[in-house]
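Throughout, read-outs are computed from the coordinates displayed, never taken from laboratory work. Bear in mind the structure is a predicted one, so any value in this text is a computation, not a measurement. Here Cβ is always computed from backbone atoms with ideal geometry, including for glycine, and neighbour counts include all displayed protein chains.
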Amino acid sequence: MKKYQSIIFLLLFALGFVTCKKDDSNFTPISQLEIGSYIRLISTVNTRFNSASPTLGTDKVTIVVKGVGEDISKIISYVSTKNNSTDKTTWKKIAETTVTDTGNITIAFTGSQFASALGLSPSALAPGTSYTIYNELITKSGKTFNINNTSTDFEAAAAYAMAFRYNVSVVCPFTGKAAGKYTVISDAVWRDWSAGSTVEVTDGPGPNQINLSKVYPNPAFGVSKGPLAVDVDPATGAATIKSGQLFATYIDTPPYDVSTGTGSTGFVFSCTGRINLRIRFIATVYGDQGFIPIVLQKQ
C-alpha cells in the first residue's frame, strides 16, 4: 500500500476551553526558571570511516557545533555497544572535547578512538555498518544534558539543529555489479512493498549508477515512467539521487506522478550487498511526501 495523501493538521480551538479569571499568584517569575543548554550543529565535516583506507586508524570524524544556553565546560562523545541504544548503560566513551570559549566547537575523534570504545581494532570495523554517536554536554555549573533529558520535540524541530546525536557510517568502495534480486528489509513509509518481498535492481543507466525503476512503483500500484537512477561514489559507496527524475505514475483516483526531490542520499555497499536510501518523493496532486526510506539486501 502506498503513501499518497498529504498530512492535514486540524487545530480545534473551540473544544475544551473554559473561561476563567486570571490568577497572577500562579505565575512563576522568569528569574526563577533554570537555563538549560544544548549544542547546535553548525557544519558536518566528515561522518564516514572508509574501511578500505590505509589510514583508517588516524582518519577523523568531525562536526562543528555551537553551545546554546548556559556556558558549556566540556562535551563527551559516546557510542552504544548495543544496537545504537539510548540506554546510557550501553554507552562507551570515545572522546572528550574541552570547551574554552563561547564560539564554534569542533568535535573530532579518530578511527582508533572510535574502534577502541567498541573494544575493536580499526581493521575490525565492519563495512556497511552505521553507528549513532551520542554527545553529552557538561555545563560550567555542573549540569548534564544529553538526548535522554532533552525533549524529543526539540530534536525533531529542524530550526534547533540539535546535535546530541548523529550517525557515523563505516563505508566501503562501490565495485559495481549491483544488479540482481534483493530482499526488502524495510519500506515502512511508502509501503509499496512488505518486508521480505523480492524486488529487482538493475545497473545504470550511466556509470557508477544503479536503477530502482523496478522497485518503485510496485506494478500492482502503478507504471514506470523512466529510470530512478542512483549515483554512487566508487570510493565510498555514498549515494545521491538527482532531483527532478519522473519515475512513476500511480493509478489512483485521481492518478498522480511521482518525481525525486532534493536532498536524497544514502549508501550502496558492494561489500555487504546492502542498499540503504532516503529518497524524497514529490507527487503531483499531493505535493512533497518527504524522505522515503528504503532498505534492500542482495540475495
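List of remarks:
- Evaluated at q = 0.17, 0.18, 0.31 Å⁻¹: base-10 log I(q)/I(0), Debye formula over Cα of the range 194-250: -0.58, -0.64, -1.23
- Computed lengthening from GLN299 to THR102, 0.36 nm per intervening residue step minus Cα-Cα distance: 65.8 nm
- Where labels lie 7 Å past Cα in the beta-carbon direction, separation of SER186 and VAL285 in nm: 2.9
- Computed over the chain: relative contact order in percent, which uses C-alpha pairs under 8 Å that are six or more apart: 15
- Per the Debye formula on identical point scatterers at the alpha carbon atoms of the range 180-299, with no solvent, log10 I(q)/I(0) at q = 0.14 Å⁻¹ is -0.53.
- Using a Gaussian network model of the chain in which every pair of alpha carbons under 10 angstrom is joined by a spring, one finds that among GLY57, GLY206, GLY222 the greatest mean-square fluctuation is at GLY206.
- For the range 98-224, taking the reciprocal of the average inverse distance between every pair of different Cα atoms yields a Kirkwood hydrodynamic radius of 19.2 Å.
- Between ASN148 and ALA235, residue separation times 0.36 nm minus the direct Cα-Cα distance comes to 27.7 nm.
- An oblate overall shape is assigned to the chain, the ratio a/c of its alpha-carbon gyration tensor axes (a ≥ b ≥ c) being 1.5 or greater and a/b not exceeding b/c.
- Label-to-label distance, nm, for residues given as ALA157 and SER194 (7 Å Cα→Cβ offset): 4.0
- Shape of the range 35-171, Cα gyration tensor, a/c cut at 1.5: prolate
- Label sites at THR44 and ASP257, each approximated as a point 7 angstrom past Cα along Cα to Cβ, lie 3.0 nm apart.
- Result for the chain in a Gaussian network model with C-alpha springs under 10 Å: among PHE247, PHE221, PHE154, the largest mean-square fluctuation is at PHE154.
- From most to least packed by mean Cβ count within 10 Å, the peptides 270-277, 239-246, 211-218 give 211-218, 270-277, 239-246.
- Applying 0.36 nm per residue to the separation of LYS242 and ALA124 and subtracting their alpha-carbon distance, the gain on full extension is 39.1 nm.
- For the range 243-299, the calculated P(r) over all alpha carbon pairs, in 10 Å bins from 0 to the bin holding the longest distance, is 23, 42, 27, 7, 0 percent.
- Averaged over residues, the count of other Cβ atoms within 10 Å places the peptides 180-188, 126-134 in the sequence 126-134, 180-188, highest first.
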